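The values are calculated or read from the model by the stated rules, or taken from the named source; none is laboratory data. What you see is a predicted model; the values in this text were computed from it and never measured. Cβ atoms come from the backbone with ideal geometry, glycine included; neighbour counts cover every protein chain shown. Each accessible area value is taken on the protein alone, full model and side chains, heavy atoms only, with ligands, DNA and RNA left out. Shrake-Rupley method; radii C 1.70, N 1.55, O 1.52, S 1.80 Å.
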Amino acid sequence: MRAGERVAVSVPASSANLGPGFDAVGLGLGLRDAYAVHVTSSPGLELALAGEGADELPTDATHLVARALHTALEVCGEPWVEELGEQGLGLHLECRNAIPMSAGLGSSAAALVGGLALGFALARGGALTDADLTLVNTHAGIAEGHPDNSSASVYGGLTVSWMPSPRAVRTARLAVHEGIEPLALLPQTTRLSTSTARGVLPSVVARADAVEQAARAALLTHAMTADPTLLLDATSDRLHQEQRREVYPESMGVVDELRSLGHAAVISGAGPAVLVLARVEVAEAVVTEVRSWGRTWRVLRPGVAAEGVRVEGVRVES
Ligand SMILES: Nc1ncnc2c1ncn2[C@@H]1O[C@H](COP(=O)(O)OP(=O)(O)OP(=O)(O)O)[C@@H](O)[C@H]1O
Ligand SMILES: N[C@@H](CCO)C(=O)O
(Lines give C-alpha, C1' and ligand atoms only; values in the text may rest on other atoms or scores of the structure.)
(Ligands and ions follow the chains in the order given, each with its own letter.)
Protein backbone atom coordinates (compact mmCIF):
# COMPACT_ATOMS: atom_id res chain seq x y z
CA MET A 1 0.00 0.00 0.00
CA ARG A 2 1.17 3.53 -0.59
CA ALA A 3 -0.07 7.04 0.18
CA GLY A 4 -2.62 8.30 -2.34
CA GLU A 5 -4.30 4.95 -3.09
CA ARG A 6 -8.08 5.17 -2.81
CA VAL A 7 -10.83 2.61 -3.46
CA ALA A 8 -14.62 3.18 -3.28
CA VAL A 9 -17.41 0.59 -3.26
CA SER A 10 -21.18 0.65 -3.05
CA VAL A 11 -23.30 -2.10 -1.53
CA PRO A 12 -27.05 -2.73 -1.71
CA ALA A 13 -29.60 -3.09 1.08
CA SER A 14 -31.39 -6.40 1.36
CA SER A 15 -34.52 -8.03 2.64
CA ALA A 16 -34.18 -11.47 4.20
CA ASN A 17 -36.52 -14.44 4.63
CA LEU A 18 -39.30 -13.31 2.21
CA GLY A 19 -41.63 -15.33 4.45
CA PRO A 20 -40.61 -19.01 4.44
CA GLY A 21 -36.91 -18.62 3.45
CA PHE A 22 -35.76 -17.98 7.04
CA ASP A 23 -31.97 -17.43 7.24
CA ALA A 24 -31.59 -18.66 3.65
CA VAL A 25 -33.33 -16.41 1.09
CA GLY A 26 -32.35 -12.79 0.43
CA LEU A 27 -33.38 -10.08 -2.02
CA GLY A 28 -31.02 -7.26 -3.03
CA LEU A 29 -32.71 -3.84 -2.95
CA GLY A 30 -31.71 -0.77 -4.97
CA LEU A 31 -30.75 1.38 -2.00
CA ARG A 32 -26.97 1.56 -1.58
CA ASP A 33 -24.43 2.51 1.10
CA ALA A 34 -21.19 4.02 -0.24
CA TYR A 35 -17.81 3.40 1.43
CA ALA A 36 -14.30 4.52 0.48
CA VAL A 37 -10.84 3.99 1.93
CA HIS A 38 -7.88 6.25 1.30
CA VAL A 39 -4.25 5.52 2.21
CA THR A 40 -2.86 8.74 3.72
CA SER A 41 0.48 9.93 4.96
CA SER A 42 -0.85 10.63 8.49
CA PRO A 43 -0.62 7.53 10.71
CA GLY A 44 -3.78 6.26 12.40
CA LEU A 45 -7.35 5.43 11.39
CA GLU A 46 -9.73 8.29 10.69
CA LEU A 47 -13.45 7.84 10.01
CA ALA A 48 -15.85 10.26 8.32
CA LEU A 49 -19.51 9.23 8.63
CA ALA A 50 -22.57 10.66 6.89
CA GLY A 51 -26.23 9.66 6.53
CA GLU A 52 -28.08 6.97 8.52
CA GLY A 53 -26.57 6.33 11.95
CA ALA A 54 -23.76 8.89 11.48
CA ASP A 55 -24.41 10.52 14.86
CA GLU A 56 -24.42 7.27 16.84
CA LEU A 57 -21.90 4.89 15.26
CA PRO A 58 -18.32 4.71 16.61
CA THR A 59 -15.57 6.59 14.78
CA ASP A 60 -12.75 4.21 15.65
CA ALA A 61 -11.59 0.70 14.74
CA THR A 62 -14.70 -0.84 16.38
CA HIS A 63 -16.92 0.51 13.55
CA LEU A 64 -18.31 -2.51 11.65
CA VAL A 65 -16.98 -1.38 8.25
CA ALA A 66 -13.51 -0.82 9.77
CA ARG A 67 -13.60 -4.26 11.42
CA ALA A 68 -14.51 -5.93 8.13
CA LEU A 69 -11.82 -3.94 6.28
CA HIS A 70 -9.29 -5.11 8.87
CA THR A 71 -10.35 -8.76 8.38
CA ALA A 72 -9.97 -8.57 4.58
CA LEU A 73 -6.53 -6.92 4.79
CA GLU A 74 -5.42 -9.58 7.28
CA VAL A 75 -6.65 -12.38 4.97
CA CYS A 76 -4.63 -10.79 2.14
CA GLY A 77 -1.50 -10.44 4.31
CA GLU A 78 -1.69 -6.63 4.16
CA PRO A 79 -0.76 -4.39 7.12
CA TRP A 80 -3.35 -2.84 9.47
CA VAL A 81 -3.21 0.56 11.12
CA GLU A 82 -0.39 -0.03 13.67
CA GLU A 83 1.95 -1.57 11.11
CA LEU A 84 1.06 1.07 8.51
CA GLY A 85 1.87 3.74 11.10
CA GLU A 86 5.43 2.38 11.34
CA GLN A 87 5.71 3.15 7.61
CA GLY A 88 4.34 6.68 8.12
CA LEU A 89 0.97 5.74 6.58
CA GLY A 90 -2.64 5.81 7.80
CA LEU A 91 -6.16 5.03 6.60
CA HIS A 92 -9.07 7.41 6.04
CA LEU A 93 -12.43 5.62 5.85
CA GLU A 94 -15.59 7.32 4.57
CA CYS A 95 -19.07 5.81 5.04
CA ARG A 96 -22.17 7.37 3.51
CA ASN A 97 -25.15 5.34 4.69
CA ALA A 98 -28.48 5.30 2.87
CA ILE A 99 -29.73 2.07 4.49
CA PRO A 100 -31.68 2.66 7.73
CA MET A 101 -30.21 0.80 10.72
CA SER A 102 -31.98 -1.91 12.72
CA ALA A 103 -34.94 -1.64 10.38
CA GLY A 104 -34.82 -5.04 8.70
CA LEU A 105 -33.11 -3.87 5.50
CA GLY A 106 -29.73 -5.51 6.13
CA SER A 107 -27.67 -2.53 7.23
CA SER A 108 -25.17 -4.56 9.30
CA ALA A 109 -24.76 -7.11 6.49
CA ALA A 110 -24.10 -4.28 4.02
CA ALA A 111 -21.49 -2.83 6.40
CA LEU A 112 -19.71 -6.20 6.60
CA VAL A 113 -19.89 -6.87 2.86
CA GLY A 114 -18.79 -3.32 2.00
CA GLY A 115 -15.87 -3.31 4.45
CA LEU A 116 -14.63 -6.73 3.27
CA ALA A 117 -14.96 -5.70 -0.40
CA LEU A 118 -13.01 -2.49 0.29
CA GLY A 119 -10.18 -4.49 1.85
CA PHE A 120 -9.96 -7.06 -0.95
CA ALA A 121 -10.17 -4.34 -3.63
CA LEU A 122 -7.44 -2.29 -1.92
CA ALA A 123 -5.18 -5.33 -1.62
CA ARG A 124 -5.76 -6.33 -5.28
CA GLY A 125 -5.15 -2.86 -6.74
CA GLY A 126 -8.83 -2.07 -7.32
CA ALA A 127 -10.54 -5.08 -8.92
CA LEU A 128 -12.68 -7.73 -7.24
CA THR A 129 -12.52 -11.24 -8.74
CA ASP A 130 -15.21 -13.92 -8.41
CA ALA A 131 -12.92 -15.64 -5.90
CA ASP A 132 -12.80 -12.43 -3.84
CA LEU A 133 -16.61 -12.24 -3.88
CA THR A 134 -16.76 -15.85 -2.65
CA LEU A 135 -14.47 -14.88 0.24
CA VAL A 136 -16.59 -11.79 1.01
CA ASN A 137 -19.74 -13.93 0.96
CA THR A 138 -18.19 -16.50 3.30
CA HIS A 139 -16.70 -14.07 5.83
CA ALA A 140 -19.82 -11.86 5.95
CA GLY A 141 -22.23 -14.81 6.28
CA ILE A 142 -20.18 -16.32 9.12
CA ALA A 143 -19.86 -12.96 10.90
CA GLU A 144 -23.63 -12.35 10.68
CA GLY A 145 -24.38 -15.94 11.74
CA HIS A 146 -26.83 -16.36 8.83
CA PRO A 147 -26.00 -15.64 5.19
CA ASP A 148 -29.36 -14.41 3.83
CA ASN A 149 -28.82 -10.62 3.97
CA SER A 150 -25.09 -10.69 3.27
CA SER A 151 -25.35 -12.92 0.17
CA ALA A 152 -27.99 -10.61 -1.33
CA SER A 153 -25.64 -7.67 -0.68
CA VAL A 154 -22.77 -9.54 -2.35
CA TYR A 155 -24.61 -10.73 -5.48
CA GLY A 156 -27.83 -8.68 -5.80
CA GLY A 157 -30.99 -10.29 -7.24
CA LEU A 158 -32.54 -13.20 -5.36
CA THR A 159 -30.15 -15.37 -3.39
CA VAL A 160 -30.57 -18.77 -1.77
CA SER A 161 -27.74 -19.53 0.64
CA TRP A 162 -26.81 -22.47 2.82
CA MET A 163 -24.02 -23.30 5.25
CA PRO A 164 -22.69 -26.86 4.72
CA SER A 165 -20.60 -26.31 7.86
CA PRO A 166 -20.32 -23.44 10.38
CA ARG A 167 -17.27 -22.14 8.42
CA ALA A 168 -18.69 -22.39 4.88
CA VAL A 169 -21.29 -20.42 2.92
CA ARG A 170 -22.65 -21.33 -0.51
CA THR A 171 -25.06 -19.27 -2.58
CA ALA A 172 -27.20 -19.73 -5.69
CA ARG A 173 -28.13 -16.44 -7.34
CA LEU A 174 -31.43 -16.25 -9.24
CA ALA A 175 -32.87 -13.50 -11.47
CA VAL A 176 -36.12 -11.99 -10.17
CA HIS A 177 -39.17 -12.08 -12.48
CA GLU A 178 -39.64 -8.65 -14.09
CA GLY A 179 -43.29 -8.55 -13.04
CA ILE A 180 -42.38 -8.08 -9.33
CA GLU A 181 -41.78 -4.76 -7.60
CA PRO A 182 -40.54 -4.87 -3.98
CA LEU A 183 -42.00 -2.20 -1.69
CA ALA A 184 -40.42 -1.56 1.70
CA LEU A 185 -42.71 -0.06 4.36
CA LEU A 186 -40.91 1.53 7.29
CA PRO A 187 -42.35 2.66 10.60
CA GLN A 188 -41.04 6.22 11.22
CA THR A 189 -39.47 5.70 14.59
CA THR A 190 -39.47 2.05 15.61
CA ARG A 191 -36.20 0.13 15.60
CA LEU A 192 -35.55 -3.46 16.49
CA SER A 193 -32.18 -5.10 16.92
CA THR A 194 -31.79 -8.41 15.13
CA SER A 195 -30.52 -10.07 18.32
CA THR A 196 -33.71 -9.10 20.20
CA ALA A 197 -35.86 -10.55 17.41
CA ARG A 198 -33.83 -13.78 17.31
CA GLY A 199 -33.99 -14.09 21.10
CA VAL A 200 -37.75 -14.75 21.15
CA LEU A 201 -37.71 -17.67 18.69
CA PRO A 202 -38.45 -21.16 20.04
CA SER A 203 -35.75 -23.75 19.35
CA VAL A 204 -38.11 -26.63 18.49
CA VAL A 205 -40.43 -26.80 15.45
CA ALA A 206 -43.38 -29.15 15.00
CA ARG A 207 -43.02 -31.55 12.07
CA ALA A 208 -46.22 -30.34 10.38
CA ASP A 209 -44.85 -26.78 10.40
CA ALA A 210 -41.48 -27.93 9.05
CA VAL A 211 -43.17 -29.81 6.19
CA GLU A 212 -45.35 -26.85 5.24
CA GLN A 213 -42.41 -24.45 5.50
CA ALA A 214 -40.31 -26.59 3.14
CA ALA A 215 -43.13 -26.64 0.58
CA ARG A 216 -43.61 -22.86 0.72
CA ALA A 217 -39.87 -22.14 0.54
CA ALA A 218 -39.57 -24.29 -2.58
CA LEU A 219 -42.62 -22.57 -4.07
CA LEU A 220 -41.09 -19.17 -3.23
CA THR A 221 -38.19 -19.64 -5.66
CA HIS A 222 -40.68 -20.58 -8.41
CA ALA A 223 -42.98 -17.63 -7.69
CA MET A 224 -40.08 -15.14 -7.53
CA THR A 225 -38.53 -16.28 -10.80
CA ALA A 226 -41.33 -17.71 -12.96
CA ASP A 227 -44.87 -17.17 -11.66
CA PRO A 228 -45.58 -14.10 -9.47
CA THR A 229 -49.31 -15.01 -9.30
CA LEU A 230 -48.28 -17.63 -6.69
CA LEU A 231 -46.58 -15.10 -4.39
CA LEU A 232 -49.33 -14.93 -1.75
CA ASP A 233 -49.18 -18.70 -1.13
CA ALA A 234 -45.40 -18.74 -1.59
CA THR A 235 -44.73 -16.15 1.14
CA SER A 236 -46.67 -17.89 3.90
CA ASP A 237 -44.46 -18.61 6.93
CA ARG A 238 -44.81 -20.97 9.92
CA LEU A 239 -41.37 -20.57 11.50
CA HIS A 240 -40.71 -17.03 12.73
CA GLN A 241 -43.22 -14.23 12.00
CA GLU A 242 -46.09 -15.30 14.27
CA GLN A 243 -43.55 -16.37 16.93
CA ARG A 244 -42.12 -12.82 16.91
CA ARG A 245 -45.43 -10.95 16.86
CA GLU A 246 -44.83 -9.53 20.36
CA VAL A 247 -41.65 -7.69 19.23
CA TYR A 248 -43.28 -6.09 16.16
CA PRO A 249 -47.08 -6.02 16.71
CA GLU A 250 -47.68 -2.98 14.48
CA SER A 251 -45.75 -4.53 11.59
CA MET A 252 -47.71 -7.78 11.91
CA GLY A 253 -50.91 -5.73 11.77
CA VAL A 254 -49.75 -4.26 8.45
CA VAL A 255 -48.77 -7.71 7.12
CA ASP A 256 -52.15 -9.17 8.14
CA GLU A 257 -54.07 -6.29 6.57
CA LEU A 258 -52.22 -6.40 3.25
CA ARG A 259 -52.37 -10.21 3.02
CA SER A 260 -56.14 -10.12 3.63
CA LEU A 261 -56.31 -7.86 0.54
CA GLY A 262 -54.36 -10.46 -1.48
CA HIS A 263 -50.91 -8.81 -1.41
CA ALA A 264 -47.74 -10.79 -0.64
CA ALA A 265 -46.65 -8.89 2.47
CA VAL A 266 -44.03 -10.29 4.86
CA ILE A 267 -41.82 -9.01 7.66
CA SER A 268 -38.54 -7.84 6.11
CA GLY A 269 -35.73 -9.78 7.80
CA ALA A 270 -36.03 -9.41 11.56
CA GLY A 271 -38.31 -6.37 11.15
CA PRO A 272 -39.82 -3.98 11.86
CA ALA A 273 -39.94 -3.07 8.12
CA VAL A 274 -42.56 -4.80 6.02
CA LEU A 275 -41.74 -6.04 2.51
CA VAL A 276 -44.47 -6.31 -0.11
CA LEU A 277 -43.64 -8.37 -3.18
CA ALA A 278 -46.14 -6.60 -5.40
CA ARG A 279 -46.98 -7.57 -8.94
CA VAL A 280 -46.07 -4.48 -10.99
CA GLU A 281 -49.66 -3.97 -12.12
CA VAL A 282 -50.87 -3.55 -8.51
CA ALA A 283 -47.82 -1.85 -6.94
CA GLU A 284 -49.28 1.66 -7.29
CA ALA A 285 -52.55 0.50 -5.70
CA VAL A 286 -50.64 -0.97 -2.73
CA VAL A 287 -48.81 2.34 -2.20
CA THR A 288 -52.11 4.25 -2.37
CA GLU A 289 -53.70 1.80 0.09
CA VAL A 290 -50.87 2.16 2.62
CA ARG A 291 -50.90 5.98 2.36
CA SER A 292 -54.70 6.04 2.81
CA TRP A 293 -54.32 4.53 6.30
CA GLY A 294 -52.90 7.83 7.50
CA ARG A 295 -50.41 5.93 9.68
CA THR A 296 -46.86 7.18 9.85
CA TRP A 297 -45.31 4.57 7.55
CA ARG A 298 -42.72 5.55 4.98
CA VAL A 299 -42.97 3.76 1.61
CA LEU A 300 -39.73 3.03 -0.27
CA ARG A 301 -39.74 1.84 -3.89
CA PRO A 302 -36.05 0.85 -4.27
CA GLY A 303 -36.46 -1.72 -7.04
CA VAL A 304 -34.45 -4.94 -7.11
CA ALA A 305 -30.65 -4.48 -7.02
CA ALA A 306 -29.54 -6.19 -10.21
CA GLU A 307 -25.94 -5.94 -9.01
CA GLY A 308 -24.44 -6.64 -5.63
CA VAL A 309 -21.39 -4.97 -4.12
CA ARG A 310 -19.31 -3.18 -6.75
CA VAL A 311 -16.16 -1.12 -7.03
CA GLU A 312 -17.15 2.46 -7.85
CA GLY A 313 -13.73 4.02 -8.20
CA VAL A 314 -10.02 3.47 -7.86
CA ARG A 315 -7.43 6.23 -7.70
CA VAL A 316 -3.70 6.20 -7.28
CA GLU A 317 -2.16 9.61 -6.71
CA SER A 318 1.54 9.84 -7.40
N1 LIG B 1 -24.00 0.72 8.22
C2 LIG B 1 -23.46 0.38 9.41
N3 LIG B 1 -22.23 0.81 9.73
C4 LIG B 1 -21.67 0.45 10.91
N5 LIG B 1 -22.27 -0.33 11.81
C6 LIG B 1 -23.49 -0.78 11.54
C7 LIG B 1 -24.15 -0.45 10.32
N8 LIG B 1 -25.36 -1.05 10.33
C9 LIG B 1 -25.46 -1.71 11.49
N10 LIG B 1 -24.34 -1.56 12.22
C11 LIG B 1 -24.06 -2.11 13.55
O12 LIG B 1 -24.64 -3.40 13.66
C13 LIG B 1 -25.48 -3.46 14.82
C14 LIG B 1 -26.56 -4.47 14.61
O15 LIG B 1 -27.41 -4.07 13.57
P16 LIG B 1 -28.75 -4.88 13.33
O17 LIG B 1 -28.41 -6.26 12.86
O18 LIG B 1 -29.64 -4.75 14.51
O19 LIG B 1 -29.39 -4.01 12.22
P20 LIG B 1 -29.69 -4.26 10.72
O21 LIG B 1 -28.60 -5.01 10.06
O22 LIG B 1 -30.03 -2.94 10.15
O23 LIG B 1 -31.00 -5.10 10.80
P24 LIG B 1 -31.49 -6.31 9.90
O25 LIG B 1 -30.38 -7.33 9.88
O26 LIG B 1 -32.71 -6.82 10.62
O27 LIG B 1 -31.77 -5.81 8.57
C28 LIG B 1 -25.95 -2.01 14.99
O29 LIG B 1 -26.32 -1.74 16.29
C30 LIG B 1 -24.67 -1.24 14.63
O31 LIG B 1 -23.77 -1.20 15.70
N1 LIG C 1 -32.93 -14.24 8.90
C2 LIG C 1 -32.64 -13.22 9.84
C3 LIG C 1 -32.56 -11.89 9.14
C4 LIG C 1 -32.25 -10.73 10.04
O5 LIG C 1 -30.95 -10.32 9.95
C6 LIG C 1 -33.72 -13.18 10.90
O7 LIG C 1 -34.90 -13.17 10.54
O8 LIG C 1 -33.38 -13.20 12.09
Legend entry - Segment Glu257-Glu289, extension gain: residue separation times 0.36 nm, minus the distance between their alpha carbons: 10.5 nm
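Measure off, as a whole percent, the carbon and sulfur share of the 1.4 Å-probe accessible area of the chain, all protein chains present. Don't skip to the answer; put the middle values down first.
Details: 6710 of 13250 Å².
That fraction is 51 percent.
Among DSSP beta bridges lying fully in the chain, give the percent that are antiparallel, nearest 5.
Details: 48 of 56 bridges.
That works out to approximately 85 percent antiparallel.
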Inset, instruction - Would you list the P(r) distribution for segment 188-234, with all Cα-Cα distances sorted into 5 Å bins from 0 and each bin expressed as a whole %? - result: 5, 17, 15, 13, 15, 20, 14, 1
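Below 8 Å, C-alpha to C-alpha, sequence gap of six or more: please give me the relative contact order for the chain in percent. If you can, show how the numbers build up before the last one.
Values: 732 pairs, mean separation 86.7, N = 318.
This gives 27 percent for the chain.
Return one whole number: the accessible area per residue of the chain in Å², for a 1.4 Å probe.
Numbers: 13250 Å² over 318 residues.
Per-residue accessible area for the chain comes out at 42 Å².
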Inset, instruction - If a/c stays under 1.5 just call it rounded; otherwise compare a/b with b/c (prolate if a/b is bigger, oblate if not). Do that for segment 279-318, with a ≥ b ≥ c from the square roots of the Cα gyration tensor eigenvalues. - result: prolate
Legend entry - Calculated from backbone phi, Karplus (6.51, -1.76, 1.60) coupling profile of segment 209-219 in Hz, x at Gly/Pro: 5, 4, 5, 5, 5, 4, 5, 5, 5, 5, 5
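Compute the length gained on full extension between Ser195 and Gln243: take 0.36 nm times their separation in residues and subtract their Cα-Cα distance, giving the result in nm to one decimal. Walk me through the numbers before you get to the answer.
Values: separation 48, 0.36 × 48 = 17.28 nm, distance 1.45 nm.
Between Ser195 and Gln243, full extension yields 15.8 nm more.
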Legend entry - Amide proton proximity set for Arg298, modelled H, under 5 Å, gap of 5+: Leu186, Gln188
Inset, instruction - Using only the alpha carbon atoms of the chain, find the Kirkwood hydrodynamic radius as the inverse mean reciprocal pair distance, in angstroms to one decimal. - result: 20.0
Legend entry - Calculated on alpha-carbon atoms, Rg and Dmax of segment 8-56 in Å: 15.9, 50
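With N denoting the number of residues in segment 1-151, provide Rg(C-alpha) divided by 2.2 N^0.38 Å, to two decimal places.
Details: Rg = 15.0 Å, N = 151, 2.2 N^0.38 = 14.8 Å.
Expressed relative to 2.2 N^0.38 Å, the Cα Rg reads 1.02.
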Inset, instruction - Could you state, as a whole-number percent, how many of the C-alpha pairs of segment 94-201 are farther apart than 25 Å? - result: 27
Legend entry - With Cα atoms, 0 to 90° folded angle of helix 249-260 axis to the chain main axis: 50
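Can you give the Rg to Rh ratio of segment 94-145, both from alpha-carbon atoms, with Rh computed by the Kirkwood formula?
Radius of gyration relative to Kirkwood radius: 1.00.
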Inset, instruction - About the Cα centre of segment 123-226, how large is the charge dipole given +1 on each Lys and Arg Cβ and -1 on each Asp and Glu Cβ? Please answer in debye to the nearest 20. - result: 280
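I'd like the chymotrypsin sites (Phe, Trp or Tyr not before Pro) in segment 110-187 restricted to DSSP loop residues with at most 13 other Cβ atoms within 10 Å, sorted by number. Display every interim value, and only then the final one.
Numbers: sites: Phe120, Tyr155, Trp162; in loops: none.
Answer by residue number: there is no such site.
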Inset, instruction - Provide, in order from the shortest bin, the percent of all Cα-Cα pairs of segment 180-300 in each 10 Å bin, continuing until the bin that contains the maximum pair distance. - result: 13, 43, 35, 9, 0
Inset, instruction - Could you work out how far apart the two model spin labels at Cys76 and Ala168 are, taking each label as a point 7 Å from the Cα in the direction of the beta carbon, and quote it in nm? - result: 2.6
